[in-house]
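The values are calculated or read from the model by the stated rules, or taken from the named source; none is laboratory data. Since the structure is predicted, the reported quantities are computational estimates derived from the model, not experimental observations. In this analysis, Cβ positions are derived from the backbone assuming ideal geometry, glycine residues included, and neighbour counts consider all displayed protein chains. Accessible surface areas use protein heavy atoms only, side chains included; no ligands, DNA or RNA. Shrake-Rupley method; radii C 1.70, N 1.55, O 1.52, S 1.80 Å.
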Amino acid sequence: MLGSVLGVGAGAVVGTAAYQAMAPWAQGFGRTFVSGARASKQVALTYDDGPNDPHTLRLMEVLARHDVRATFFLIGRYVQQRPDIVRDLVKAGHVVGNHTFTHPHLIVSRAVETRNQLEACQRAVQEVTGESPRLFRPPFGGRRPATLRIVRSLAMEPVMWNVTSWDWKMPPAEKIVETCARQMRGGDVILMHDGVTSQWARTAPKP
């Protein structure tokens, strides 16, 4: 009986830790920004995994057409490959954030590896734009208490989301709009992507 009780207890602890590590709105491992005031009539469009050609460029055209600004969480290695796109993002008034250097899953990264990832991305963006990002989003949303401590030691604010577009499954645009509209209530932070990193994450060199 005692063994069963201990087993259930251990399972609950593991389940709770997994929830806090991966649920974008969870705050148990440290405070993160998830959404704004519900009374707001605005939403925040955020795009992960860029810069990418042609996706980021086409997206910029659409945003410019509607006079909309967004936040782009950039991968450092991609920044090095396409600094011209990053400069264009900043020139257009968009905010650029840190999304690590090679898009690893930080819940399985050691603290030194996490710091290296974040610092390498900071350097890449700073070299291109002259400024270091002030916002950070963890790849896959995965984080640990140490992750958030490192983020803040680098003078960044962790930003999550509360509306998921599921666009990485590559549904039609109409389906993405429908999925987001069904969840939105005002003041929301919407997670979208301007590139695909699954293959890159497996093959990219370490910073």
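Being touching a helix residue (DSSP H, G or I) at 6+ places or on another chain (Cβ under 7 Å), open to solvent by 50 Å² or more (accessible area, probe 1.4 Å) and over 22 Å from residue 23 (Cα atoms) is the filter here, so list the residues in region 121-145 that pass it. Answer for region 121-145, where residues must be touching a helix residue (DSSP H, G or I) at 6+ places or on another chain (Cβ under 7 Å), open to solvent by 50 Å² or more (accessible area, probe 1.4 Å) and over 22 Å from residue 23 (Cα atoms): just 132.
Among the residues of region 113-130, none qualifies, meaning not one is within 21 Å of residue 34 (Cβ to Cβ) and touching an Asp or Glu at 6+ places or on another chain (Cβ under 9 Å).
Any residue at all in region 24-35 that's in a loop (DSSP other than H, G, I, E, B), among the aliphatic types (A, V, I, L, M), over 20 Å from residue 131 (Cα atoms) and open to solvent by less than 10 Å² (accessible area, probe 1.4 Å)? Don't jump to the end; show me each part of the working.
Filtering region 24-35 for residues in a loop (DSSP other than H, G, I, E, B) gives 24-32, 34-35.
So of that shortlist, the ones also among the aliphatic types (A, V, I, L, M) come out as 26, 34.
Now drop any that are not over 20 Å from residue 131 (Cα atoms), which leaves 26, 34.
Subset that is open to solvent by less than 10 Å² (accessible area, probe 1.4 Å): 26.
Checked against the condition, which is being in a loop (DSSP other than H, G, I, E, B), among the aliphatic types (A, V, I, L, M), over 20 Å from residue 131 (Cα atoms) and open to solvent by less than 10 Å² (accessible area, probe 1.4 Å), region 24-35 yields at least one hit.
State whether one or more residues within region 193-206 are open to solvent by less than 20 Å² (accessible area, probe 1.4 Å), at pLDDT 95 or above and either over 19 Å from residue 80 (Cα atoms) or β-branched (Val, Ile, Thr) (or both). Within region 193-206 (the criterion being open to solvent by less than 20 Å² (accessible area, probe 1.4 Å), at pLDDT 95 or above and either over 19 Å from residue 80 (Cα atoms) or β-branched (Val, Ile, Thr) (or both)), the answer is no, since none of the residues qualifies.
Count of region 33-91 residues, restricted to those that are over 25 Å from residue 101 (Cα atoms), touching a residue at least 40 places away in the same chain (Cβ under 8 Å) and of a type in the set (D, E, K, R), is 2. Whenever a residue of region 137-152 is farther than 21 Å from residue 193 by Cβ, its partners that are assigned to a helix (DSSP H, G or I), lying with C-beta atoms within less than 6 angstrom and at least six residues away or across chains, give the pairs 144/107; 146/111; 150/114; 150/115.
The residues on offer are 160, 170, and the sole one that is within 15 Å of residue 49 (Cα to Cα), of a type outside the set (Lys, Arg) and exposed (fewer than 14 other Cβ atoms within 10 Å of the Cβ) is 170.
A single entry from 148, 118, 154 fulfils the requirement of being modelled with pLDDT of 95 or more and open to solvent by 30 Å² or more (accessible area, probe 1.4 Å): 154.
Considering region 43-59, and only residues there that are open to solvent by 60 Å² or more (accessible area, probe 1.4 Å) and outside any helix (DSSP H, G or I), the residue that is nearest to residue 125 (Cα to Cα) turns out to be 53.
Within region 60-93, can you find the residues that are open to solvent by 80 Å² or more (accessible area, probe 1.4 Å) and in a helix (DSSP H, G or I)?
Matches in region 60-93: 61, 65, 80, 81, 87, 91.
Only one of the numbered conditions (1) touching a helix residue (DSSP H, G or I) at 6+ places or on another chain (Cβ under 7 Å); (2) touching a residue at least 40 places away in the same chain (Cβ under 8 Å); (3) polar (S, T, N, Q) is not met by residue 117, and that is (1). Against the list (1) aliphatic (A, V, I, L, M); (2) surrounded by 17 or more Cβ atoms within 10 Å (Cβ to Cβ); (3) part of a loop (DSSP other than H, G, I, E, B), the condition residue 96 fails is (3).
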